[in-house]
Amino acid sequence: MHTSDWPSGCNRSSFSGHVCNLVKPGGNECKMTNWTKYYTSLLPKFHVTNYDGRTRRHQWCCSDVTFHCANEELCEQWIQVANEQLALLTNRPKSLLVYINPFGGKQCGKRIYEQKVAPMFRRASISADVIVTERANHARDHLKTEANLDKYDGVVCVGGDGMFSEVLHGLVTRIQTDNGVDQNQPDAELVPCSLRIGIIPAGSTDCICFGTVGTNDPVTSALHIIVGDSQPMDVCSVHHDDIFLRYSVSLLGYGFYGDVLTDSERTRWLGPARYDLSGVKTFLSHNYYEGTISFLPAENNMGDPRDKLQCRSGEISRQLGWSVIRAEFIAINAASMSCACPRSPKGLSPAAHLADGTTDLILVRKCSRLDFLRHLVRHTNKGDQFDHSFVEVHRVRKFCFQPWHHELVSLEDPIESPKKTGFSSICSAQTTSNYSSWNCDGEILPDAAIQVR
């Protein structure tokens with residue numbers, strides 16, 4: 001695979017790759033599998049071109065092209081040479097460890113894999129060991145202690161953003177443990193992992209898949225995995241003092257998005273609809289939180305989150321001096337990628353770059369409900385969500401947050417915020433609470449005071 005179909009904001013103008021397999025189904029004909037937007041050249045004067053105008057942007061589909069040959073011996077030579085060329089493609093996986101979350105999203109992960117993905121893996125001669133998870137953190141714990149990673153070329157998760165995070169934590173923790181790295185040290189240099197993680201979207205939002213592939217289509221993701229496509233990503237480590245909390249690859253949200261996640265945990269039985277209900281309740285509550293945010297900006301050559309420059313994946317920034325802001329915030333968001341999803345096609349930070357060593361820190365200060373609503377609505381259209389006097393955004397390398405009520409930062413021994421009941425809580429003026437929670441890729445952090453790098 002030479003280039004891939006990138007999400008909006010990434011500059012890629014051509015698509016090329018190799019076929020999945022070449023077989024002789026019967027008689028003197030050869031059948032070759034190829035994908036939409038692909039041009040394949042395996043032999044001199046032996047070309048395959050296939051375009052499907054019905055396929056949506058970023059979405060791939062599999063199709064068949066049949067070649068007829070009057071000479072059976074020549075047909076056999078085609079098959080042999082093509083398969084020999086395919087065997088030379090070392091970036092394509094041959095053995096995968098697959099984790100399926102049957103409970104995420106609309107609870108259709110197992111069906112998606114069995115009906116759409118598994119047949120394609122078999123056709124591509126990829127062997128897969130499948131584990132259907134039975135509880136939270138099942139995949140993480142298995143990767144940390146039991147999985148024989150030497151057997152596999154990669155790990156695939158079928159589920160949402162939470163499932164990807166679970167696999168990421170298990171794999172990264174296993175590699176650091178095997179190499180004697182203490183993850184509790186904020187400045188520890190992590191050992192990179194040679195195994196790649198593939199995502200088959202089957203969750204509620206699938207923003208990690210949407211932000212890297214450009215769509216949340218399971219077939220497209222499976223084809224990216226089959227051809228050995230890869231995309232490096234930034235991973236943020238989150239600490240409280242000298243205690244490691246979690247890794248983040250998409251969104252760290254304090255205030256609004258933290259409150260939405262906390263409230264939605266009470267109505268998990270509603271499925272994905274719980275986020276809509278909790279979003280409305282959190283918006284009407286309209287809380288703001290006092291605190292101090294300190295950050296280390298990236299240099300000017302890394303661009304600005306509002307410059308609308310297309311993605312420059314892999315460019316590493318240098319550092320400037322620390323900046324400190326003390327204020328009252330409705331929301332503090334750190335986006336290591338665009339965080340795009342079907343409901344927000346441009347995401348929280350449309351110009352966020354992948355694998356550049358930075359995250360976009362979005363600060364939403366105290367404002368009226370109407371102004372905050374305008375800000376939220378712009379996430380669903382092409383408007384500039386940063387074009388408000390109460391919103392500022394910085395591209396940073398590191399940041400720290402400390403609530404003003406620092407004695408209340410641990411959620412393990414919480415002190416209740418002022419209670420509001422009935423319509424008074426909806427119609428009352430804006431209120432301030434002691435602390436919120438951090439939403440880390442869909443998981444609630446136990447501490448509000450954190451350091452991120």
Subject >> Within-11-Å neighbourhood charge of S165 [Cβ basis; K, R +1; D, E -1] >> reply: -2
**OP:** Determine, from the Cβ-Cβ distance of D242 and E265 and an R0 of 30 Å, the FRET efficiency 1/(1 + (r/R0)^6), rounded to the nearest 0.05.
**Re:** 0.60
Subject >> Order of exposure, largest accessible area first, which applies to W438, W269 with probe 1.4 Å >> reply: W269, W438
Original post:
So how far apart, in nm, are the two label points at L149 and F67 if each is 7 Å from Cα heading toward Cβ?
Top reply: 4.0 nm
Subject >> Hypothetical label at A87: residues of the range 111-128 whose amide nitrogen lies under 16 Å (7 Å Cα-Cβ projection) >> reply: 125-126
Subject >> Under-5 Å amide H pairs with V132, H placed in peptide plane, nonlocal only >> reply: I100
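Which FRET efficiency, nearest 0.05, do Q80 and V191 yield, Cβ-Cβ r, R0 41 Å? Mind showing how you got there, number by number?
Numbers: r = 41 Å, r/R0 = 1.00.
After rounding to 0.05, the efficiency reads 0.50.
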**OP:** Please give the net charge around A128, taking every other residue with its beta carbon less than 13 angstrom from that of A128, where Lys and Arg add +1 and Asp and Glu add -1.
**Re:** +1
Original post:
Ranked by accessible surface with a 1.4 Å probe, highest first, in what order do V155, V132 come?
Top reply: V132, V155
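In terms of the Cα gyration tensor, with a ≥ b ≥ c the square roots of its eigenvalues, is the range 132-273 rounded because a/c is under 1.5, prolate because a/b exceeds b/c, or oblate?
Values: a/c = 1.57, a/b = 1.06, b/c = 1.48.
Note, shape of the range 132-273 comes out oblate.
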Subject >> Test item: Cα-centred dipole of the range 90-209, Lys/Arg +1 and Asp/Glu -1 on Cβ, debye >> reply: 740 debye
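Expected output is a single nm value to one decimal: the length gained when fully extending between F103 and T292, i.e. 0.36 nm times separation in residues minus the C-alpha distance. What is it? Walk me through the intermediate numbers first.
On the way: separation 189, 0.36 × 189 = 68.04 nm, distance 3.80 nm.
So the chain would gain 64.2 nm between F103 and T292.
The values are calculated or read from the model by the stated rules, or taken from the named source; none is laboratory data. Model, not experiment: these values are computed from the prediction. Cβ: placed from backbone, ideal geometry, glycine included. Neighbour counts: every protein chain shown. These accessible areas exclude ligands, DNA and RNA; they are computed on the full protein's heavy atoms, side chains included. Shrake-Rupley method; radii C 1.70, N 1.55, O 1.52, S 1.80 Å.
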